[in-house]
Amino acid sequence: MNRNLITQMKNEWRDNIWLIIELILVSFAIWLLSLFTYAMLSPTFEEKGFDIENVYRIDIRCLSQDNPSYVKDIDNFADLRELIRRIRKSPYVEAAAFSSNALPYTYNYSGNNLSFIGKPDTVMYHGNLRMGSPEIVRVIKPKSLTNTSPSKLEETLRRGEILISNAPNGRYGGVKDVKEFIGEQVMFFDTINSRRIGDVISSIRRNEYESTIGTIFYPIDEEDGYFLSFADVIAVRVKPGMGKKFEEEFYSSPDMKRMRNMYLTNIVDMKKVRAANQSSRTTEVNLYISGIAFLFVIVFIGLLGTFWFRIRQRTSEIALRKTCGATSADIFRRIISEGLLLLAIATIPAAALAAVHFRYYMNGDFESVKASFWITPSIAFGIAMVLMALMIIIGVIFPARRAMRIEPAIALKEE
């Protein structure tokens, strides 16, 4: 039977070539869609690297100079320090810190490059700059990749050292693990001051759909007005179950909300910030998923139409085989085997086309890519082949069943 099938496929090589080309293009398209879907959804399964449970965000504001209540010739930063001191004295508060882009779930982006002192120019680190007073590590509890305790991370920031994450978008210069950068002196792109890398933490992403990006945690010295001027938020971690009581205290205590020109407003639970952030992104992702599902339906209908037309042309052949004693199962096996064999032939050039695309995506640089990086596109290609096989089987079964219901004499007469 296999020999007869191959002989028949050779005799019909013109039609089969066009079908193989169609299968190659469709397989490549499904591979791209599968890879895109994975890239879009996989970050949601990654560890977040921080904890926003019982965390609140409070906005910092300052009266404008033309406001009648504005007080001239005073130290606004001293008043701001007094406000956070009052918050820290609350019986409901566990920790409070100044923040400038330090909290997650915000689309603010303040990127910066780190160049390593004494190392070649090829060693670069690019990350999202996040600034916070040392207590910030007790507020959002970033995960240390060296198992350093939050108190030790806080001491690191108090020494003026910085924290970086495990996912820089830059050139390692042959360094495979960013933990090797601990202790290195680095220079920021837009300053002339150097800082020491004190530890490595998990990346703090702007939303849960975002791929892991580089994070640079820079300490805010509360006694230095220059650094304190960057702070626009106070991040507060309350004791478990004390969130509502802290909100009531904040709204009912004028002394906690205002100190002459400086005042605090808009206290928000970070869980609500997350919900608002994720809502818009989730809607966007759902639109993408709907579009991808629609494309899969179009592809399926296209393949179904191709094989439906192909089998309709073979109605007389199916009738002849039934006349010669072939069972419905024999005919099904033969037709499905032919479709899967054509898919197997198309798999090789489709895989080559996917590899060329992947090479272009990586700018031809395969040597710097870990072997594990190949797992995802390989799995996506395997999924594409399985989906193609299912489409072929489904696309063959229905027209074949319909063709076999026709009486052999009628089918041969129409032919």
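The values are calculated or read from the model by the stated rules, or taken from the named source; none is laboratory data. Keep in mind that what you see is a predicted model, and the values were worked out from it rather than measured. Please note: Cβ atoms are built from the backbone with ideal geometry, for glycine as well, and neighbour counts cover all protein chains shown. Each accessible area value is taken on the protein alone, full model and side chains, heavy atoms only, with ligands, DNA and RNA left out. Shrake-Rupley method; radii C 1.70, N 1.55, O 1.52, S 1.80 Å.
Rounded, prolate or oblate: which fits the range 246-289, taking a ≥ b ≥ c as square roots of the Cα gyration tensor eigenvalues, rounded meaning a/c under 1.5, else prolate when a/b beats b/c?
Values: a/c = 7.91, a/b = 3.22, b/c = 2.45.
Prolate.
Could you estimate the translational diffusion coefficient of the range 204-260 from the Stokes-Einstein equation, with Rh from the Kirkwood formula over C-alpha pairs, at 4 °C and 1.567 mPa s, in whole µm²/s?
The estimated diffusion coefficient comes to 87 µm²/s.
Tally Lys and Arg at +1 and Asp and Glu at -1 over the other residues with C-beta under 13 Å from the C-beta of Gln185: what net charge comes out? Walk me through the intermediate numbers first.
Details: positive: Lys119, Arg195, Arg196; negative: Glu161, Glu184.
Net of charged neighbours comes to +1.
How much of the accessible area of the range 5-158, probe 1.4 Å, is carbon plus sulfur, in whole percent?
Answer for the range 5-158 is 54 percent, counting heavy atoms of protein chains only.
So what are the radius of gyration and Dmax for the Cα set of the range 45-165, in Å?
Final numbers for Rg and Dmax: 17.7, 56 Å.
Could you please report the charge total around Ala235, scoring K, R as +1 and D, E as -1 over all other residues with beta-carbon less than 9 angstrom from its beta-carbon?
Neighbourhood net charge equals +1.
With just the Cα atoms defining each centre, how far is the range 57-115 from the range 199-225? Give it in Å.
17
Give me the one-decimal nm value for the distance between modelled label points at Val285 and Asp51, 7 Å along each residue's Cα-to-Cβ direction.
Inter-label distance under the simple model: 2.4 nm.
Is the shape of the range 176-305 best called rounded, prolate or oblate, per the rule: a/c under 1.5 gives rounded, else a/b larger than b/c gives prolate, else oblate, with a ≥ b ≥ c the square roots of the Cα gyration tensor eigenvalues?
Working: a/c = 3.00, a/b = 1.41, b/c = 2.12.
Since a/c reaches 1.5 but b/c is at least a/b, the shape of the range 176-305 is classed as oblate.
What is the distance, in nm, between label points placed 7 Å from the Cα along the Cα-to-Cβ direction at Glu180 and at Arg159?
So the label points at Glu180 and Arg159 sit 2.2 nm apart.
Work through the residues other than Glu161 whose Cβ is under 15 Å from its Cβ and net out their charges, Lys, Arg +1 and Asp, Glu -1. Can you show the working numbers first?
Working: positive: Arg130, Lys152, Arg158, Arg159, Lys179, Arg195, Arg196; negative: Glu154, Glu155, Glu184, Asp199, Asp221.
Net of charged neighbours comes to +2.
Could you sort out which of Lys152/Lys272; Lys89/Lys245; Lys143/Lys272; Lys89/Lys257 sit more than 18 Å apart by Cα distance in this structure?
Flagged as over cut-off: Lys152/Lys272; Lys143/Lys272.
In Å², and per residue, what accessible area does the range 51-118 have when probed at 1.4 Å with the other protein chains present? Before the final figure, lay out each step's value.
On the way: 3280 Å² over 68 residues.
That works out to 48 Å² per residue.
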